[in-house]
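Participant: Pasting a structure here, questions to come.
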Amino acid sequence: MMRHTFLAAAIVAAIAFPMLVTVNYFVHLAVLSMVFMIVAQSVNLIQGYTGYVSIAQGGFMGIGAYASALLSVDAGWSVWASIAVSPVIAGLVALVVGYPSLRVKGHYFAIVTMALNMVVFIVLVNWIPVTGGEGGYPGVPMPEPIGFGDWAIEIDSRQAMYYVVLAALLLVMAVMAAIVRSRIGRVLLAIRQNETFAEAAGIAAWKYKLFAFSAAGALAGFAGALYAHYMGFLSPTPFSVDASLNAILAVILGGSGTLSGPLVGGLLTVLLPEMLRVAEVFRLIIYGLLLVVVMIFLPHGLVPALVGRVAKWREARDTGASPARNKP
Amino acid sequence: MVDLLQQVFNGLVTGSIYTLIALGLTTIFGILGIAHFAHGSVAMFGGYLTFFLMTSVGLSLVPAMVVAMVAGAALGVVIERLAYYPVRMAPPINAFIIALGLTLVIEKANLLMFGVDQVIIPTPYTRVFDIGGVTFPELRVYVLAIAAILVAGMTWMVQRTWMGMAIRAVAQNRATAILMGVDVNRVSMFVFALSSALGVAAGVLVGALYAVAPGVSGGLVIKGFAVLILGGLGSIPGAIIGGIVLGVTESFSSAFVSSGYKDVISFLLMIAVLLVRPEGLMRRGTR
């Protein structure tokens with residue numbers, strides 16, 4: 001009950017946000033946060049639910065971004081079609097590279113995926129005829145107007161893109177919720193907890209892991225495509241290993257293996273570095289220290305910690321007194 | 001043939017630096033199961049400090065390097081105590097996130113303390129030896145020699161001293177090592193001190209050969225991990241062989257294929273090794 005009220009309030013607040021806040025800079029940060037929440041959800045699927053830490057999601061984001069830009073500019077496709085197809089491309093790449101990579105586990109898998117991300121990055125930098133290299137890829141268009149006949153919604157402003165990205169985020173959340181609650185989601189959790197046991201119980205774990213990795217790649221590619229058409233200009237920098245690490249950070253900060261954790265974490269990883277601009281010189285030092293401190297004191301992330309607090313508080317309220325007061 | 005030998009020499013030199021980085025990473029991993037991502041920025045800290053000691057304090061290269069290695073060792077112990085020790089019971093990904101946070105902190109602190117410019121550690125060694133058409137720049141020969149001495153010293157320490165035996169014991173079976181009276185806390189502090197000192201040495205060598213600059217540390221630590229994968233996590237001979245293989249592969253691919261894609265070739269090699277021999281080149285498959 002309280003859950004649904006909270007969910008509805010969050011959606012209403014998200015829809016109202018650009019009408020209430022007219023400062024372009026804040027709307028810009030909100031769009032970036034939502035794009036980043038999608039990347040964080042992709043990390044959440046493979047890391048939070050399946051237990052495999054992938055440091056390649058920034059790379060898949062880059063594949064989606066450049067694929068969508070190339071399809072819409074060089075191949076002349078409509079932007080909507082490009083945004084719809086590029087997650088499929090990123091997902092297929094994930095499928096192909098995931099098949100060999102998922103044969104290894106733990107730290108090995110993390111390092112292999114990190115190497116994959118570096119390969120993607122190096123290709124983006126060096127394949128100049130196609131990607132423009134470090135000079136960048138300019139002129140990625142915004143989506144065409146949607147509508148029939150005389151009636152149409154123009155998507156030509158930051159605010160309009162905000163709603164496109166918000167709709168995309170809601171779609172991603174719905175897909176994630178569907179996956180997590182299905183049989184597949186339960187199998188993934190079983191693999192996270194004990195892969196050997198899951199296999200002993202007759203589950204072909206490799207199929208499910210490959211599905212999770214490909215779906216995560218597709219989600220990251222989707223986020224990349226949205227990013228490309230929102231920014232209008234691409235360069236390899238936002239798709240380096242740093243981006244993947246930031247996404248992992250978002251998931252861990254918010255709480256991995258929960259649906260809402262990556263949302264909170266995605267928001268924080270975009271906003272915190274901006275808020276700390278007040279202390280420009282020490283900004284990233286403070287950010288780094290915050291990470292260390294959060295990890296030491298809240299090892300499961302913010303959302304589970306908060307949920308735990310609320311549950312305790314309720315329990316205390318229902319029994320009439322807080323446990324601390326019961327002491328003589 | 002001369003070309004080949006030349007590339008083998010070049011590869012050995014860069015490979016020896018990778019080995020120094022990887023030795024630290026691999027012992028830390030063996031003891032604590034931590035992917036110590038901040039190792040590269042500790043190395044860069046040492047490179048900057050050496051440059052500072054030489055240009056502003058007026059020390060010559062070797063004393064400056066020794067002081068920097070001691071400072072690096074102290075930094076390593078501080079990192080172990082303040083950041084990794086509190087999460088030793090948490091899942092490994094938490095320690096990894098902490099490592100990322102530390103990387104940010106140390107990297108930016110480097111910029112604050114030493115400025116944003118890239119610096120090259122000045123050395124007087126400019127002679128070039130020529131043996132049968134293969135050129136051996138004096139500096140590169142010394143880099144290789146220093147790295148070899150440090151690696152040999154580390155191997156000796158691990159094989160022959162009490163502390164080395166304790167390190168191997170904890171890596172093999174932590175619980176039993178504790179029962180046998182090994183003080184795990186002391187061992188892990190010692191490992192961090194030693195590894196960080198080796199990392200600093202690598203940073204100084206990089207600074208003398210190429211440059212110390214913001215952004216070098218990330219590449220360095222990733223190469224270190226690549227060496228670990230090639231050689232096998234936690235294995236010291238693996239780190240040596242892996243470093244040489246990676247260095248030689250890199251110099252061959254940049255000389256004969258393309259310098260832009262040399263890292264792609266090394267990573268493909270790493271992935272191939274991982275798929276054929278997941279336990280690494282030098283490790284007998286027991287786990």
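Any read-out appearing in this document is the output of simple, stated calculations on the displayed coordinates, not a laboratory observation. On a predicted model such as this, the values are computed, not experimentally measured, just so you know. Cβ placement follows ideal geometry from the backbone for every residue including glycine, while neighbour counts extend to all protein chains displayed.
Participant: Based on the mean of other Cβ atoms within 10 Å per residue, sort peptides B:255-262, A:185-192, A:263-270 so the most packed one is first.
Facilitator: Averaged packing, sorted descending, gives the order A:263-270, A:185-192, B:255-262.
Participant: State the extension gain, in nm to one decimal, for the chain segment bounded by A:V12 and A:E199, taking 0.36 nm per residue of separation less the distance between their alpha-carbons.
Facilitator: Contour length minus Cα-Cα distance gives 63.0 nm.
Participant: If you take each beta carbon of peptide B:258-264 and count the beta carbons of other chains within 10 angstrom, what is the mean?
Facilitator: Mean number of neighbouring Cβ atoms from other chains: 4.
Participant: If you don't mind, there's one more thing I want to ask. Kirkwood Rh, the stretch B:13-213, all Cα pairs: how many Å?
Facilitator: After inverting the mean inverse Cα-Cα distance, the result is 17.6 Å.
Participant: Provide Rg and Dmax in Å for the protein assembly as shown, with only Cα atoms included in the calculation.
Facilitator: Radius of gyration, then largest Cα-Cα span, for the protein assembly as shown: 25.6, 90 Å.
Participant: So what is the diffusion coefficient of chain A in µm² per second by Stokes-Einstein at 37 °C and 0.692 mPa s, using a Kirkwood Rh over Cα pairs?
Facilitator: The calculation lands on 157 µm²/s.
Participant: So, R0 is 30 Å and r is the distance between the beta-carbons of A:R317 and A:A177; what FRET efficiency does that work out to, to 0.05?
Facilitator: It comes to 0.50.
Participant: Follow-up. Taking A:K312 as the anchor, which lysines have their alpha carbon closer than 25 Å to its alpha carbon, excluding any fewer than eight residues away along the same chain?
Facilitator: Reachable lysines: A:K327.
Participant: Separate question: Please give the calculated 222 nm ellipticity per residue for chain A, where each DSSP H segment of at least 4 residues contributes -39500 (n - 2.57) and the sum is spread over every residue; nearest 500 deg cm²/dmol?
Facilitator: For chain A, the value works out to -24000 deg cm²/dmol.
Participant: For every other residue with a beta carbon closer than 12 angstrom to the beta carbon of B:F136, add +1 if it is Lys or Arg and -1 if Asp or Glu, then tell me the sum.
Facilitator: Overall, the nearby charge balance is 0.
Participant: Taking a quarter of the surface of the Cα convex hull of the stretch B:180-287, what do you get in nm²?
Facilitator: 8.7 nm²
Participant: Give the share of C-alpha pairs in each 5 angstrom bin for the stretch B:1-101, from 0 to the last occupied bin, in whole percents, shortest bins first.
Facilitator: Values per bin, smallest distances first: 3, 11, 17, 18, 15, 13, 11, 7, 4, 1, 0.
Participant: Order these by the 10 Å Cβ neighbour count, fewest first: A:L298, B:L12.
Facilitator: Fewest to most other Cβ atoms nearby, the residues stand as A:L298, B:L12.
Participant: Rounded to the nearest 500 deg cm²/dmol, what is the calculated helix-only ellipticity per residue at 222 nm for chain B, with -39500 (n - 2.57) per DSSP H run of length n ≥ 4?
Facilitator: -24500 deg cm²/dmol
Participant: While we're on this one: To the nearest 0.05, how large is the calculated FRET efficiency for B:A148 and B:S56 if R₀ is 35 Å and r is the Cβ-Cβ distance?
Facilitator: 0.70
Participant: If a paramagnetic tag sat 7 Å from the Cα of B:Q172 along the Cα-Cβ line, which residues of the stretch B:227-258 would have the backbone N under 18 Å from that point?
Facilitator: Correct set: B:233-238.
Participant: Can you tell me the relative contact order of chain A? Whole percent, Cα pairs under 8 Å, sequence separation 6 or more.
Facilitator: Relative CO of chain A lands at 31 percent.
Participant: The stretch A:164-181 to the stretch B:7-49: how many Å between their Cα centroids?
Facilitator: Each part's Cα centre sits 42 Å from the other's.
Participant: Which whole number gives the average count of other chain Cβ atoms within 10 Å of the Cβ atoms across peptide A:212-218?
Facilitator: 0
Participant: Counting other C-beta atoms within 10 Å, which of B:M154, A:M295 has the fewest, and how do the rest follow?
Facilitator: B:M154, A:M295
Participant: Mind checking the full-extension length gain between A:Y25 and A:R277? Use 0.36 nm per residue of separation minus the Cα-Cα distance, one decimal, nm.
Facilitator: Stretched fully, the A:Y25-A:R277 segment lengthens by 89.3 nm.
Participant: What does the charge add up to near A:V187, with Lys and Arg as +1, Asp and Glu as -1, over the other residues with Cβ less than 13 Å from its Cβ?
Facilitator: +4
Participant: Then there's this: Looking only at other chains, what is the average number of their beta-carbon atoms within 10 angstrom of each beta-carbon in B:268-275?
Facilitator: Partner-chain Cβ atoms within 10 Å, mean over residues of B:268-275: 4.
Participant: Taking other Cβ within 10 Å of each residue's Cβ, how do A:D74, A:D318, B:D263, B:D183 sort, fewest first?
Facilitator: Least to most surrounded, the residues fall as A:D318, A:D74, B:D183, B:D263.
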